[in-house]
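Reviewing the structure listed below.
A short reminder: the numbers here are calculations on the coordinates, not readings from a lab. Everything numeric in this text was worked out from a predicted model, so none of it was measured. Cβ coordinates were reconstructed from backbone atoms using ideal geometry, including for glycine residues, and neighbour counts include every protein chain displayed.
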Amino acid sequence: MEETKNCRDSLVIKTSLVLPPDTNNIGTMFGGKLMAYIDDVAAISAMRHARSNVVTASTDSVDFLHPIHEGNAVCLESFVTYTGRTSMEIIVKVIAEDLVTGARNLCVISFLTFVAINEEGKPIPVPRLVPETEMERNLNESAKQRAQIRKKEGKIHSSLQVLSV
Ligand SMILES: CC(C)(COP(=O)(O)OP(=O)(O)OC[C@H]1O[C@@H](n2cnc3c(N)ncnc32)[C@H](O)[C@@H]1OP(=O)(O)O)[C@@H](O)C(=O)NCCC(=O)NCCS
């Protein structure tokens, strides 16, 4: 029988306190540090879905909508939104919380694509995703448009192959 998984099977929630080593000279969180957290939680979601090793195939643009300040809690939530044959799209939502006032701001929404791989690093099939809630179904439907955009961008990247390595 075909193996299927739900979005909640790959749900990851990570909350961290933003400390001085995580921040820049104006007291807001380093973008690179946040991107490492994003890649981390997304990879765990992908592995929970595929139950295999995975690699990051692509990261969509990451727009920082709101600064995250030293002393804030930063909360990341991720889960699989779409599956192809061997690839998985993951959404990562980042919320900053002022722990004193309780104010919460949505800072980043990002989509990443991971591919499940075997011991030789070759892509392997993943279980089909079955979205359950209305939000999950919306994300699953809109994934096809995001994949189109990625394909278009891929064409742009391949036209840059004249750049030597
Ligand atoms: C990702 C990777 C495994 C794909 O291998 P490949 O031999 O090109 O495999 P395929 O062309 O058969 O593609 C496999 C799947 O990946 C998807 N894919 C490949 N490149 C992609 C990209 N840039 N963005 C989104 N999806 C991509 C394909 O659409 C396909 O999905 P599907 O099976 O669901 O239809 C390979 O390119 C790789 O290992 N890249 C390096 C990954 C890495 O090191 N990541 C860490 C970065 S530091």
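Quick one: compute the contact order of the range 4-164, relative version, from alpha carbon pairs under 8 angstrom and 6+ residues apart, as a percent.
Computed over the range 4-164, the figure is 26 percent.
What residue among 16, 57, 163 has its Cα farthest toward the positive end of the dipole of the chain, where the charges are +1 on Lys, Arg and -1 on Asp, Glu, each on the Cβ?
163
With a sphere of radius 14 Å drawn around the Cβ of residue 81, what net charge do the other residues whose Cβ falls strictly inside it have (Lys, Arg +1; Asp, Glu -1)?
Numbers: positive: 5, 8, 48, 93, 128, 137, 144, 146, 150; negative: 9, 60, 77, 89, 132, 134, 136, 141.
My count for the surroundings of residue 81 gives +1.
To the nearest Å, what is the center-to-center distance of the range 1-47 and the range 96-165, using C-alpha atoms only?
For the range 1-47 versus the range 96-165, the Cα centre distance is 13 Å.
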